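Remarks on the structure that follows.
Just so it is clear, none of the values below were taken in a lab; they were calculated from the coordinates. Quick caveat: nothing in here was measured; it's all calculated off a predicted structure. Neighbour counts are summed over all protein chains in view; Cβ atoms, including those assigned to glycine, are modelled from backbone coordinates with ideal geometry.
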Amino acid sequence: MSKKFFSILIIALFAALLVVPTAAQDMGVYYWISHGDPADPVWTYFLEGANQWAADTGHEVRTSFHSGDVPSHQEAFRAAIAAGAAGIVTSTPDPGSLNEVIAEAHAAGIPVIIINTEDAQSGRDAYVGGDNVEIGRRWAQYLVDNGFVSEGDFVWMPVEVPGATYQVLETEGIASVFDPLGITYEITEAKLDQAEIITRMSDYLLANQGNISAIIGLGDLVTGSIARVFDQVGVAAGDIPVVGWGNSPETAQEVLDGYVNAAMWQDPQATSYMGLSMAAMAAAGIPPGFDILVGTLYEADAAQIYLDIMTGN
């Protein structure tokens with residue numbers, strides 16, 4: 001990770017220490033709202049960061065998952081507003097889906113920090129997370145720079161939820177590299193259920209294996225299923241180049257074993273921790289005038305570091 005990122009992290013952690021409650025301080029309640037599915041391994045790590053922040057600061061943090069259900073997500077947002085939240089930290093299920101409720105939060109004097117999935121036009125106070133457009137670009141450029149794809153090749157891009165914010169932004173970055181080079185690609189739906197993901201991906205790979213030059217896993221569940229899908233279909237590790245998300249032990253092991261060439265670590269615990277720190281800072285009257293960007297693309301030489309983090313070793 002860059003020195004700049006660690007400098008920002010130190011500042012954010014220092015800010016968190018400043019908001020440790022005293023007897024005279026109003027103990028506001030913070031809300032952490034995720035569009036993710038609790039079965040998605042990466043959200044376990046995001047939740048860990050939120051819980052750690054609550055333990056370190058003494059503030060109460062109320063968390064919820066909404067599995068891509070926009071009305072449910074909006075309802076949780078309005079419940080937080082009605083409860084007089086000190087601050088709201090949220091991911092975004094779809095571009096523009098939270099604009100109205102963010103405006104309602106601001107009207108009530110509640111700061112909103114977006115994490116994980118940016119929506120710059122939403123009116124949010126700040127963003128903590130990866131730049132999904134840049135992440136998509138980096139995946140595509142990695143495949144091009146390493147000679148895995150070139151003009152006329154086809155790249156398969158499975159995703160759990162087509163049309164979700166993360167997929168839209170990642171595809172924008174991928175297109176910026178592939179489109180000028182004449183590299184074609186297709187996004188297919190894999191669903192959020194692990195068994196169904198493996199079935200759908202295996203069926204697609206069986207039908208299209210001869211045309212696929214590379215794979216980009218647009219979500220953690222799909223990238224973490226690559227080894228099982230390859231083994232089920234009879235594709236050897238390394239036969240098809242793969243890049244994608246790397247926030248699960250399964251994917252980190254796949255990188256070590258050669259099934260996945262490079263994977264993106266999203267710094268999930270730090271993202272939630274810093275997002276809540278920024279919300280507390282804003283609630284204290286210090287407006288955040290900056291965003292915090294995270295994300296590291298790792299290969300086999302560094303995969304053990306992230307595997308150890310995710311398995312607690």
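Between GLU48 and GLU151, the simple spin-label model (points 7 angstrom out along Cα→Cβ) gives 4.7 nm. Computed from the Cβ-Cβ distance with R0 of 30 Å, the FRET efficiency linking VAL29 to ASP193 stands at 0.35. Projecting the Cα atoms of VAL255, VAL243, ALA300 onto the charge dipole of the range 193-310, computed from C-beta unit charges around the Cα centre, puts VAL243 farthest toward the positive end. Using the Cα gyration tensor of the range 132-265, with a ≥ b ≥ c the square roots of its eigenvalues, what is the shape: rounded (a/c below 1.5), prolate (a/b larger than b/c) or oblate (neither)? Rounded is the answer for the range 132-265, as its axis ratio a/c remains below 1.5.
Between ALA284 and GLN141, the modelled label-to-label distance comes to 3.6 nm, taking each label 7 Å out from Cα in the direction of the beta carbon. When +1 charges are put on Lys and Arg Cβ atoms and -1 charges on Asp and Glu Cβ atoms, the dipole computed for the chain relative to its Cα centre reaches about 720 debye. Magnitude of the charge dipole for the range 100-194, about its Cα centre and with charges confined to Cβ atoms of Lys, Arg (+1) and Asp, Glu (-1), is about 140 debye.
Farthest toward the positive end of the dipole of the chain, out of PHE290, ILE212, PHE148, is the Cα of PHE290, where the dipole comes from beta carbon charges about the Cα centre. Estimated from the Cβ-Cβ distance and a Förster radius of 51 angstrom, the FRET efficiency linking ALA108 and ASP239 is about 0.40. Based on Cα contacts under 8 Å between residues 6+ apart, the range 132-265 shows a relative contact order of 25 percent. A Cβ-based charge dipole, computed about the Cα centre of the range 132-265 with Lys and Arg at +1 and Asp and Glu at -1, lands at about 60 debye.
Based on C-alpha pairs under 8 angstrom that are at least 6 apart in sequence, the chain has a relative contact order of 20 percent. Largest GNM mean-square fluctuation across GLN209, GLN74, GLN167, computed for the chain with C-alpha springs under 10 Å, falls on GLN209.
Compared with the dominant principal axis of the Cα atoms in the chain, helix 70-82 is inclined by about 20°.
Using the rule -39500 (n - 2.57) for each DSSP H run of four or more residues, divided by the residues of the chain, the 222 nm mean residue ellipticity is -15000 deg cm²/dmol.
Here LEU181 and GLN209 are evaluated by their C-beta separation; at R0 = 30 Å the FRET efficiency comes out at 0.85.
Pick from ALA54, ALA82, ALA280 the residue whose mean-square fluctuation is largest in a GNM of the chain, springs joining Cα atoms under 10 Å. Most flexible of the set in this elastic network: ALA82. Figure legend: label point modelled 7 angstrom from the Cα of GLU299 along Cα→Cβ; residues of the range 245-289 with amide N under 18 Å from it are 245-246, 252-265.
Out of these labelled values of semi-axes √(5λ) of the Cα gyration tensor in Å, (1) 29, 25, 20; (2) 42, 28, 19; (3) 36, 19, 17, which was calculated from the coordinates shown here? Recomputing semi-axes √(5λ) of the Cα gyration tensor in Å here gives the entry labelled (3).
Across the options PRO93, PHE178, GLN167, the greatest Cα extent toward the positive end of the charge dipole of the chain (unit charges at beta carbon of Lys, Arg, Asp, Glu) belongs to PRO93.
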